[in-house]
Amino acid sequence: MKTLSLIFLMLLSFKAGSVYDFKLNSIDGEKLELSRYKGKKLLIVNTASKCGYTPQYAELQKLADMYKDKLVVVGFPANNFGGQEPGSNSDIEAFCEKNYGVTFPLSEKLSVKGEDIAPLFKFLTTTENPDFTGDVKWNFEKFLIDEHGKLIHRFRSSVKPLSSELTKYL
């Protein structure tokens, strides 16, 4: 019993230091280990298939292709805003591939806010950075992570992936 209590206390006191500390699944159910991208920047984006910002998938893919030697884009489908991501993981994957030629990694569908927020997004929305903290406001918010797994910039949905506002940090 003491061992279980100790483990529970250790889990409660766990504070992630970087995005590499989180365990995730890809959209096809495989392990999605962000730590395999150490040494490159990451652009983490919460996505949705039926949103006014959905065409940003095309720019995200172009960004991933343009900066493939130093950046990995990772999409995180979420249905938190207006029911704009109602499909299953396989529906989402097929939609992204067919309509936008997405080849960058996608996670399984998860929650980016609320009581069931995924631990990664809890970390991202509460970690200090030069821009802002707090809840994700809408689909296609972007979190730029440095080569060591630290959040360095955060962008709202209206910032386009290929805008100089974002690319100046790549």
Practice prompt. Specify the inter-centroid distance of the stretch 16-86 and the stretch 89-146, based on alpha-carbon positions, in whole Å.
Written response: 6
Item to complete: With unit charges on the beta carbon (Lys/Arg positive, Asp/Glu negative), name the residue among Ala64, Gly87, Phe104 whose Cα is farthest towards the positive pole of the charge dipole of the stretch 41-155.
Response: Ala64
Worksheet item: If one takes the longest principal axis of the Cα atoms in the chain, at what angle in degrees, from 0 to 90 and to the nearest 10, does the Cα axis of helix 2-13 lie?
Response: 40
Fill in: Between helix 56-66 and the chain: long-axis angle, C-alpha atoms, 0 to 90°, nearest 10
90
Worksheet, complete the sentence: Final fewest-first order of Thr125, Thr167 on the 10 Å Cβ neighbour count is Thr167, Thr125
Response to the item:
If one builds a Gaussian network model of the chain from Cα atoms under 10 Å apart, the most fluctuating residue listed among Lys70, Lys113, Lys142 is Lys70
Worksheet item: What ranking do Phe76, Phe104 get, fewest neighbouring Cβ atoms within 10 angstrom at the top?
Response: Phe104, Phe76
Discussion item. Only sites in a loop by DSSP and with at most 13 other Cβ atoms within 10 Å count here; which GluC sites (Glu not before Pro) in the stretch 81-170 make the cut?
Written reply: Glu115, Glu128
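Where a number appears in this text, it was derived from the coordinates with a stated rule and is not lab data. Keep in mind it's a predicted model, so treat the numbers as computed, not measured. Neighbour counts run over all protein chains shown; Cβ positions are idealised from the backbone, glycine included.
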